[in-house]
């Protein structure tokens, strides 16, 4: 009876396990990576920490308030005659509330502005980490598709060589071909077996890399829809892309913030020569239960309000040398900013030309694919009528499938290159994946 009760459950489990794994889109895997990738999560935690550090800078310009409590007990032992002996036991309790508000502290205000600059730095760092994640997921996604295509083409070529091998054997048996044709086809077939093993292993490795990146097991990327029309490059002007990079790239924003912070640090150093002025206030309550001279209890309340002025006169040339140091660091930050701008400019131009070159290669390989197919058909026909030999057909097959694999890889490189170009210009966002996602098979 128990077996029959468990039968529906076993059937349901078996049906579920038999279902094919649903393919995931690029956007789906990117969303998974955002919540799993350790590098991105580390950058996000750093972003939160930097925001908290920026809020700490407000304390430099806000008032400080403190409360202090005290209690003491005294036991006095004296050898004086009884009429002159002071009170032998007494105690005292006190409570003090003190407050201070900076009125003029240039160094504190410079430190507060530095803290606010840290917010811009944190946003630029998080944007760079997000853009890096988009590119890494996209690269891993299309690496898997490229490996799948490579394995498919290798197997197709191996099957075609197998047919040619069978044909060569039949022709040899009937005496219309030499043993050389059979051995050439056999060599190509064995080579195809080795290539198939290597392509299958490469696919496993690429899938493992994608699984580790997105936090899923046995991911199945959706292939590109066929026929495929690659998107054009907009704008098709390198000057526009370079201008965008100079205004938006996270690395430039980070080095610009570093320069601003260095300039504020110089202001802090120069403030070492300037006076400071604070508003102070306090309130003290003291309760005495007798003293050494009297046994009477009494209480005193004291309120104070004042100004605290401090003017540095000489600090052993520490301030002057600190200013020299900060000015040198300011020059360093300015040089770093200029170097970053040049590197971003070069990276943007390289990415732009890479996309343009990739698009040209796709068009050329599409033409080469058609030509290779025509050449293969012609060689097969020539082999059948005796004007071509077996090696000609094998070479044509190898050229055709190699062209197909290169064409598929070139298309993937153009799509990833477009994302890298946006990353180089500092404009890459998660929404840019939607246009790539639209090219996938539904």
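Going by the structure shown, is residue 404 closer than 14 Å to residue 362 by Cα and either over 30 Å from the mean Cα position of the chain (by Cα) or surrounded by fewer than 23 Cβ atoms within 10 Å (Cβ to Cβ) (or both)? Yes; evaluated as a whole, the condition is true for this residue. Just so you know, in region 310-329 the residues that are without any contact (Cβ under 8 Å) to a residue 40 or more places away in the chain and not in a helix (DSSP H, G or I) include one that is nearest to residue 279 (Cα to Cα), and it is 310.
Condition (residue is touching a residue at least 40 places away in the same chain (Cβ under 8 Å), buried (at least 17 other Cβ atoms within 10 Å of the Cβ) and assigned by the TED database to the domain that holds residue 412) applied to region 364-386: is it met by at least one residue? Yes: region 364-386 contains one or more residues that are touching a residue at least 40 places away in the same chain (Cβ under 8 Å), buried (at least 17 other Cβ atoms within 10 Å of the Cβ) and assigned by the TED database to the domain that holds residue 412. Consider region 196-243. How many of its residues are under 22 Å from the mean Cα position of the chain (by Cα), crowded, with 18+ Cβ neighbours inside 10 Å and part of a loop (DSSP other than H, G, I, E, B)? Total meeting the criteria: 1. Residue-level analysis places residue 415 among those that are in the same structural domain as residue 139 (by the TED database), under 21 Å from residue 366 (Cα atoms), assigned to a helix (DSSP H, G or I) and in contact (Cβ under 8 Å) with a residue 60 or more places away in the chain. Take residue 182 and tell me if it is without any contact (Cβ under 8 Å) to a residue 12 or more places away in the chain and under 23 Å from residue 392 (Cα atoms). Considered against the rule, which asks whether it is without any contact (Cβ under 8 Å) to a residue 12 or more places away in the chain and under 23 Å from residue 392 (Cα atoms), residue 182 comes out as no.
For (1) surrounded by fewer than 15 Cβ atoms within 10 Å (Cβ to Cβ); (2) in contact with a helix residue (DSSP H, G or I) (Cβ under 9 Å, 6 or more places away or on another chain), each residue gets a yes or a no:
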{"position": "257", "(1), (2)": "no, yes"}
{"position": "276", "(1), (2)": "no, yes"}
{"position": "284", "(1), (2)": "no, no"}
{"position": "311", "(1), (2)": "yes, no"}
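If you check 52, 43, 57, 33 for being assigned to a helix (DSSP H, G or I), modelled with pLDDT of 85 or more and loosely packed, with under 13 Cβ neighbours inside 10 Å, only one passes: 52.
Please indicate, with yes or no, whether at least one residue in region 179-187 is closer than 28 Å to residue 419 by Cα and at pLDDT below 90. Scanning region 179-187, I find no residue that is closer than 28 Å to residue 419 by Cα and at pLDDT below 90, so the answer is no. Taking the residues in region 177-188 that are in a helix (DSSP H, G or I) and surrounded by fewer than 19 Cβ atoms within 10 Å (Cβ to Cβ) as candidates, determine which candidate is farthest from the chain's Cα centre (by Cα). Per the criteria, the residue is 179.
Would you check if residue 172 is touching a residue at least 24 places away in the same chain (Cβ under 8 Å), assigned to a helix (DSSP H, G or I) and touching a helix residue (DSSP H, G or I) at 6+ places or on another chain (Cβ under 8 Å)?
Details: touching a residue at least 24 places away in the same chain (Cβ under 8 Å): no; assigned to a helix (DSSP H, G or I): yes; touching a helix residue (DSSP H, G or I) at 6+ places or on another chain (Cβ under 8 Å): yes.
It is false that residue 172 is touching a residue at least 24 places away in the same chain (Cβ under 8 Å), assigned to a helix (DSSP H, G or I) and touching a helix residue (DSSP H, G or I) at 6+ places or on another chain (Cβ under 8 Å).
The values are calculated or read from the model by the stated rules, or taken from the named source; none is laboratory data. Note that the coordinates shown come from a computational prediction; the quantities given were computed from them, not determined experimentally. When we count neighbours, we look across all protein chains shown, and the Cβ atoms used for this are built from the backbone with ideal geometry, even at glycine.
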